[in-house]
Amino acid sequence: MAAATTAAAPTAKINIIHYSMYGHIEAMARSFKEGVDSVDGAEGVLLRVPETLSDDVLAAMHAPPKAEDIPEADRATFVDCDGIAFGIPTRFGMMAAQMKAFFDSTGGHWQKGALVGKPSAVFVSNGSQGGGQETTALTAVTQLAHHGMIFVPYGYQSPEVQFDSSSVHGGSAYGAGCIAGADGSRKPSEAELSVAKAQGAYFAKTALALKKGRSA
Ligand SMILES: Cc1cc2nc3c(=O)[nH]c(=O)nc-3n(C[C@H](O)[C@H](O)[C@H](O)COP(=O)(O)O)c2cc1C
């Protein structure tokens, strides 16, 4: 009698592609990964988008060196995964140019429809309250829509943080967020990191469910 074969449970690789100049988005990305990794069968991979500013400009902006344990993303990292979370710091109310340049390198993927149906999420960081948490997230959705990606918003799944008006915190229905402070001196709070982690877990479960549904 032939041995019964059991189908392997699906696994989901989630690329967490981000840009961070001063470390806030990087800290949020690490928490997002913790959330992804907490889900059975899911694995988060941290990737940073290439820098586009010269060393002179980076020095003038007092940018510290990049984290050595996080490899650089390339165009293949858009494709070789089951979902992508984008970590985006605000520049003048919308995404940093480094992230935009990275999206602008994906015309070939757009032509082939390579990202159609791939789940995506965003989380953000900006300086001040009212400085662009929601505009940064919302304007990022145009990139995702043009690629035909499925945007997975977070909604209000962390009401203990999202509805807490007694503390300063970032985040919105679009995704987790951090308020860095006007001079960048504020670190992501435990509450902000906890939302990033919860969003990571929710996004990983969603990507896994989509993959499972498609393979059924
Ligand atoms: C050129 C520039 C423009 C910025 N524009 C905004 C802005 O429009 N609104 C805001 O609240 N913060 C703004 N910031 C602050 C950044 O959003 C903040 O430094 C960033 O979220 C920190 O993330 P990071 O530590 O991961 O780099 C700006 C910063 C720079 C350098």
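Each reported figure results from applying straightforward, stated rules to the coordinates on display, with no laboratory input. These numbers come from a predicted model, not from an experiment. Note that we place each Cβ from the backbone using ideal geometry, even for glycine, and neighbour counts take in every protein chain shown.
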Looking at this structure, is Asp55 closer than 30 Å to Ala191 by Cβ, over 15 Å from the mean Cα position of the chain (by Cα), surrounded by fewer than 21 Cβ atoms within 10 Å (Cβ to Cβ) and away from the ligand (no atom under 14 Å from the Cβ)? no
State all residues of segment 68-86 that are surrounded by fewer than 14 Cβ atoms within 10 Å (Cβ to Cβ) and either in contact (Cβ under 8 Å) with a residue 40 or more places away in the chain or closer than 20 Å to Gly184 by Cα (or both); if no residue qualifies, say none. Asp80
Would you confirm whether or not segment 121-137 contains a residue that is away from the ligand (no atom under 16 Å from the Cβ) and of a type outside the set (A, V, I, L, M, F, W, C)? no
Given the criterion over 19 Å from Leu193 (Cβ atoms) and either surrounded by 14 or more Cβ atoms within 10 Å (Cβ to Cβ) or out of contact with any Pro (no Cβ under 6 Å at 6 or more places or on another chain) (or both), identify the matching residue among Pro89, Pro65. Pro65
Looking at (1) part of a loop (DSSP other than H, G, I, E, B); (2) buried (at least 22 other Cβ atoms within 10 Å of the Cβ), which one does Ser185 not meet, given that it meets all the others? (2)
For Val116, all conditions in the list (1) away from the ligand (no atom under 16 Å from the Cβ); (2) closer than 21 Å to Phe32 by Cα; (3) of a type outside the set (Lys, Arg) hold save one; what is the number of the exception? (2)
Residue list for segment 149-174, filter: in contact with a Pro (Cβ under 7 Å, 6 or more places away or on another chain) and within 14 Å of the ligand (Cβ to nearest atom): none
Just to be sure I understand, how many residues within segment 10-25 are within 16 Å of the ligand (Cβ to nearest atom) and under 10 Å from the mean Cα position of the chain (by Cα)? 5
